[in-house]
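See below for the structure under consideration.
The values are calculated or read from the model by the stated rules, or taken from the named source; none is laboratory data. Please read these numbers as outputs of a predicted model, since none were measured by experiment. Counting neighbours? That spans all protein chains shown, and the Cβs are built from the backbone with ideal geometry, glycine included. With ligands, DNA and RNA removed, areas are computed over all heavy atoms of the protein, side chains included. Shrake-Rupley method; radii C 1.70, N 1.55, O 1.52, S 1.80 Å.
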Amino acid sequence: QWPLTRQFAPLLPAALMIVGLALASVVAIFRAPRLGFLGGWFFVILAPTSSVVPIQDLAFEHRMYLPLAAVLTLLVLLAIGLLLKLPRTALAGKVLAWGLLICSTAWLLDATIVRNDDYRTAISLWRQTTQVAAHNAGAWTNLGLAFKDKGQFRDAAEALQHAVELKPDDVAARASYAGVLIEAGELELAETQLQQAFELAPTDYLTILNLGNLEF
């Protein structure tokens, strides 16, 4: 649910940068093949998920995992090139090289620990997601379902209610919200949510299942 931009003007700076990098990569393939390989690697791997074909999620971090390897490789090679220009016998050069290695390793280690903490539980991951993208109804739905799996029905109901408020036509959010309300004994409110979900999608599996649970 990355916000859409319908005007071209705000996109122009980024478009110029991307087109410039793409053209530079093509030129580099012929004039500096090693650099051209890295540029081509970046764009070819990224292209299948960044085309003009409509997709539901405009931004997804895993799309950049492999393309970023090319960027990191370039940064490492640039760092090595700069270090090799220093006198090899100079103590300052060795200290700088080891300093860069230790600092980058420590920084990456810390970033990994912090990110792994987000992935520790489904609740922690989706809670962090809702903090970064509070407008994302899908994230609130998943947070509610994570709470439900742990039996925390009050927290689940609050998260799913917020998801429904953000995206009233989200059938999955309404049906999931109703399911939590049934578990919590809020049958009248659950029935209201299921009626609205049924009007939106009469064949939705979860809606029909929860209607059956409500009757039972």
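Write down, largest first, the equivalent ellipsoid semi-axes of the chain in whole Å, where each equals the square root of 5 times an eigenvalue of the alpha-carbon gyration tensor. Intermediate values should be presented prior to the final figure.
Numbers: eigenvalues 481, 114, 30 Å².
Those come to 49, 24, 12 Å.
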*Could you give the nm distance between label points at N213 and I113, where each point is 7 Å from its Cα heading toward the beta carbon?*
4.0 nm
*asked:* So, taking all protein chains as they sit and a 1.4 Å probe, how much accessible area belongs to S25, in Å² rounded to tens?
replied: 20 Å²
*Taking a ≥ b ≥ c as the square roots of the eigenvalues of the Cα gyration tensor of segment 133-177, is the shape rounded (a/c under 1.5), prolate (a/b larger than b/c) or oblate?*
prolate
*Among H162, H62, H135, whose mean-square fluctuation peaks in a Gaussian network model of the chain (Cα, cutoff 10 Å)?*
H62
*Pairing the Cα long axis of helix 187-200 with the longest principal axis of the chain, what angle in degrees results, from 0 to 90 and rounded to the nearest 10?*
70 degrees
*Taking a cut-off of 27 Å between Cα atoms, list the lysines near K148, but don't count ones fewer than 8 places away on the same chain.*
K167
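For every other residue with a beta carbon closer than 13 angstrom to the beta carbon of A201, add +1 if it is Lys or Arg and -1 if Asp or Glu, then tell me the sum.
Combined, the nearby Lys, Arg, Asp and Glu give -3.
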*Report E191's accessible area, 1.4 Å probe, all protein chains in place, as a number in Å² to the nearest 10.*
80 Å²
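State the extension gain, in nm to one decimal, for the chain segment bounded by D169 and A133, taking 0.36 nm per residue of separation less the distance between their alpha-carbons.
11.1 nm
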*Would you work out what percent of the accessible area of segment 86-163, with all protein chains in place, is carbon or sulfur (probe 1.4 Å)?*
64 percent
*With r defined as the distance between the Cβ atoms of S124 and R154 and R0 fixed at 30 Å, what FRET efficiency is calculated, to the nearest 0.05?*
0.95
*For S50, what is the net charge nearby, where nearby means another residue's Cβ is under 14 Å from its Cβ and Lys, Arg count +1, Asp, Glu -1?*
-1
*In what order, largest first, do D57, D118, D169 sit by accessible area if the probe radius is 1.4 Å?*
D169, D57, D118
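Mean residue ellipticity at 222 nm from the helices of the chain, using -39,500 (n - 2.57) per DSSP H segment of n ≥ 4 over the full residue count, to the nearest 500 deg cm²/dmol?
-24500 deg cm²/dmol
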*Using a 10 angstrom cutoff on alpha carbons, build the Gaussian network for the chain and name the most mobile of P168, P33, P13.*
P13
*Excluding ligands and nucleic acids, what accessible area in Å² is computed for T5 using a 1.4 Å probe, to the nearest 10?*
70 Å²
*To the nearest Å, what is the center-to-center distance of segment 182-216 and segment 1-78, using C-alpha atoms only?*
44 Å
*In nm, what is the difference between 0.36 nm times the number of residues separating F30 and A15 and their Cα-Cα distance?*
3.1 nm
*Once you sort the root eigenvalues of the Cα gyration tensor of segment 65-169 as a ≥ b ≥ c, which label holds: rounded (a/c under 1.5), prolate (a/b larger than b/c) or oblate (the other case)?*
prolate
